[in-house]
Amino acid sequence: MARHVAGAEIERLIQLLGKLPGLGPRSARRAALHLIKKKESLLAPLTAAFRAALDTVGVCSICGNVDTVEPCTVCRDATRDGSVLVVVEDVSDLWALERAGAIDARYHVLGGVLSPLDGVGPGDLAIATLVERCRQGGIREVVLAVNATVEGQTTAHYVTDQLAQLAEEGHAITVTRLAHGVPVGGELDYLDDGTLAQAMRARTKF
């Protein structure tokens, strides 16, 4: 029978760290031990950073990015091309495209992909708000910068169908997608900056 070798507080820390992406039980234990050993130089400032993030970071009501201001810094940037809207699955994808300097446009974060097996339907994503942003006018191109996975492409087709309905309302919007620089099965956050930039420059009509 396994025995606990640490107090309840440490076990709690390990359990919480284990819920982070990429951290299993063993990695969580190593991370917790490292934090405890570096209590003053790492754990204390990390705790303060968590508290500051909890108090100040929120989700942008326009695009779905996370920031400390509302609207977010990207939406506030008047130098961006407001006629081009880049649609991404998650905030990490938005950040990846920004790191690559791939395009100087505005964004819309869906918050995931359609996945019936996981119970994720259109109502669980920010698709309706995307259509409404386009309906308000001023957008000439929607770039579907979703991951090249089955779920990502299914989501892209659904979004395209929804946007096609706007054409009947007189909105001339071109829907494009990233070029094949993004490999099938690849995720944007794991691609190098050069690949992302090239895929964005060579985007094609969807």
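Values in this text are rule-based calculations from the coordinates and carry no lab data. Keep in mind that what you see is a predicted model, and the values were worked out from it rather than measured. Please note: Cβ atoms are built from the backbone with ideal geometry, for glycine as well, and neighbour counts cover all protein chains shown.
With equal scatterers on the alpha carbons only and no solvent term, can you work out the Debye log10 of I(q)/I(0) for region 1-152 at 0.13, 0.17, 0.20 1/Å?
Log10 of I(q)/I(0), two decimals: -0.79, -1.05, -1.22.
Under 18 Å from a label point 7 Å along Cα→Cβ of Asp193: give me every residue in region 87-128 with its amide N that close.
92-105
Working out 0.36 nm times the residue gap between Gln15 and Glu168, then minus their Cα-Cα distance, what length gain in nm do you get to one decimal? Could the numbers behind the result be given before it?
Details: separation 153, 0.36 × 153 = 55.08 nm, distance 5.21 nm.
The span from Gln15 to Glu168 would gain 49.9 nm if fully extended.
Which order do the peptides 141-153, 121-133, 44-56 come out in when sorted by mean C-beta neighbours inside 10 angstrom, highest first?
So the peptides 141-153, 121-133, 44-56, ranked by packing, come out 141-153, 121-133, 44-56.
Modelled label-to-label distance, Trp95 and Glu70, 7 Å Cα→beta-carbon offset: nm?
2.1
Give the percent of DSSP beta bridges with both residues in region 53-200 that are antiparallel, rounded to the nearest 5.
If we restrict to bridges inside region 53-200, about 20 percent are antiparallel.
At a 4.7 angstrom Cβ threshold, list every cysteine in the chain that has nobody to pair with, or say none.
Unpaired cysteines in the chain: Cys63, Cys75, Cys134.
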